[in-house]
Amino acid sequence: MPDTRTLTDPAPYDALLLLSFGGPEGPEDVVPFLENVTRGRGIPKERLIEVGKHYFLFDGISPINGQNRELLAALRKDFADHGLDLPVFWGNRNWAPYLVDTLREIADAGHRRVLVLATSAYAGFSGCRQYRENLADALAQLAAEGRPELTVDKLRHFYNHPGFVRPMIDATLAALAELPDGARENARLAFTTHSIPTAMAETSGAPDDPARGTPGGAYVAQHLDVARLIVDAVAEHTGVTDRPWQLVYQSRSGAPHVPWLEPDICDHLEAQHADGAAAVVMVPIGFVSDHMEVKYDLDTEAVARAAELGLPVARAATVGADPRFAAAVRELVVERAAAQRGEPVTRCALGALGPSHDVCATACCPNPRAPRPAAAEA
């Protein structure tokens with residue numbers, strides 16, 4: 001079969017949309033941004049100010065938009081360097097540039113068949129279906145404006161693509177190297193991702209995906225698959241074959257009475273300290289970039305808790321705009337394009353779960369509140 005590294009034809013697609021969460025870029029943006037994120041939940045402004053306090057510690061600036069600009073530049077450079085003639089646009093769910101405005105720009109530029117890269121690597125409502133619901137809403141708004149119809153398809157989950165996994169392996173090794181000499185060999189690994197309600201986790205993935213039937217559904221199974229890949233690579237590189245590790249969670253934001261995935265990273269650090277751990281490396285495999293939930297929840301809160309305990313910690317970098325990740329996106333683009341043309345192509349994936357589906361089923365990662373229209377599904 002053709003190797004995606006050698007393909008350059010994006011047809012039938014004529015644009016790529018980088019679709020992300022968005023974040024405030026100044027103190028005056030914080031509350032309006034949080035109002036966008038929580039719209040429809042009836043949360044009072046006073047509570048949003050309290051919730052947004054970690055943004056104010058960073059002058060009201062989330063790093064996510066700056067990092068998306070870097071990724072946008074990396075994608076455009078990689079595409080140009082490899083002869084892939086496909087314009088790349090950027091839009092957000094919750095802050096400027098807003099998704100609907102970017103889709104309007106795409107339509108007005110004459111593009112009609114759009115691939116979408118969502119900056120979330122895993123299955124799940126908030127990481128996949130909610131983005132597709134936002135796409136459906138934006139497309140409906142453009143249709144109401146009388147603009148030409150756009151067809152959008154979402155790239156498959158990329159959590160186990162080599163271009164995502166290998167930078168995380170290197171980042172984990174680099175974080176280990178930051179630890180004191182006496183703690184490095186016996187350091188433990190804590191793989192972190194966003195906590196979600198357990199009910200949402202259990203229904204993550206496609207209905208016919210065997211991973212959906214595992215504890216935590218496809219969301220947990222996919223994270224564990226990536227963690228094992230990194231553990232094995234770190235063991236091979238360091239010679240430490242029995243290094244303890246665990247998948248843990250962060251950034252819980254739900255009501256206390258609703259069960260969410262546990263343990264929390266800070267609780268995990270306390271447990272590791274009590275168990276005599278020499279050190280812990282936090283590996284944020286659930287995040288594409290070092291946005292606020294990494295900078296605050298890990299680099300601020302978790303690091304402060306570790307310091308209170310006297311537990312040495314280091315934090316691995318996220319993939320960000322790593323050239324290998326940009327290359328992976330290009331490979332996913334030409335892979336999907338070839339599939340649309342009916343041409344066989346190699347689908348790159350590491351680990352035990354194999355490449356994800358191209359098209360989400362209607363019952364994939366269902367909305368926990370009420371069914372809503374979603375784009376890019378069967």
- line: Filtering region 157-173 for residues that are touching a residue at least 12 places away in the same chain (Cβ under 8 Å) and surrounded by fewer than 22 Cβ atoms within 10 Å (Cβ to Cβ) leaves a count of 6
task: Given the conditions (1) surrounded by 14 or more Cβ atoms within 10 Å (Cβ to Cβ); (2) touching a Phe, Trp or Tyr at 6+ places or on another chain (Cβ under 8 Å); (3) under 30 Å from PRO368 (Cβ atoms); (4) of a type outside the set (Asp, Glu), report the number of the one that VAL231 does not fulfil.
output: (3)
task: Answer with yes or no whether ARG113 is crowded, with 16+ Cβ neighbours inside 10 Å, farther than 30 Å from GLU301 by Cα, of a type in the set (Lys, Arg) and in contact (Cβ under 8 Å) with a residue 60 or more places away in the chain.
output: yes
query: Just one of the numbered conditions (1) assigned by TED's automatic domain parsing to the domain that holds ILE196; (2) more than 21 Å from PHE287 (Cα to Cα) is not true of ARG166; which one?
result: (2)
Only one of ALA206, ALA218 that is out of contact with any Phe, Trp or Tyr (no Cβ under 9 Å at 6 or more places or on another chain), outside the structural domain of THR102 (by TED's automatic domain parsing), touching a residue at least 40 places away in the same chain (Cβ under 8 Å) and under 30 Å from LEU99 (Cα atoms): ALA206
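Let's see how each residue does on (1) within 21 Å of the chain's Cα centre (by Cα); (2) surrounded by fewer than 18 Cβ atoms within 10 Å (Cβ to Cβ); (3) over 30 Å from ARG156 (Cα atoms):
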site: LEU17; (1), (2), (3): yes, no, no
site: SER20; (1), (2), (3): yes, no, no
site: GLY23; (1), (2), (3): yes, no, no
site: GLY26; (1), (2), (3): no, yes, yes
site: VAL30; (1), (2), (3): no, no, yes
site: PHE33; (1), (2), (3): yes, no, no
site: THR38; (1), (2), (3): yes, yes, no
site: LYS53; (1), (2), (3): no, yes, yes
site: LEU57; (1), (2), (3): no, yes, yes
message: With assigned by TED's automatic domain parsing to the domain that holds VAL152, surrounded by 13 or more Cβ atoms within 10 Å (Cβ to Cβ) and within 23 Å of the chain's Cα centre (by Cα) as the only criterion, which of ILE49, ILE43, ILE64 stands out?
response: ILE64
task: Look through region 236-292, keep the residues that are in a helix (DSSP H, G or I) and in contact with an Asp or Glu (Cβ under 8 Å, 6 or more places away or on another chain), and return whichever of them is surrounded by the most Cβ atoms within 10 Å (Cβ to Cβ).
output: ILE265
- line: By residue number, the members of region 159-180 that are assigned to a loop (DSSP other than H, G, I, E, B) and touching a Phe, Trp or Tyr at 6+ places or on another chain (Cβ under 6 Å) are TYR159
task: Could you please let me know if GLU293 is closer than 25 Å to SER204 by Cα and either hydroxyl-bearing (Ser, Thr, Tyr) or touching a Leu at 6+ places or on another chain (Cβ under 9 Å) (or both)?
output: no
task: Can you confirm whether region 322-331 contains a residue that is buried (at least 19 other Cβ atoms within 10 Å of the Cβ), at pLDDT 95 or above and assigned to a loop (DSSP other than H, G, I, E, B)?
output: yes
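The values are calculated or read from the model by the stated rules, or taken from the named source; none is laboratory data. All values reported here derive from a predicted model rather than from experimental measurement. When we count neighbours, we look across all protein chains shown, and the Cβ atoms used for this are built from the backbone with ideal geometry, even at glycine.
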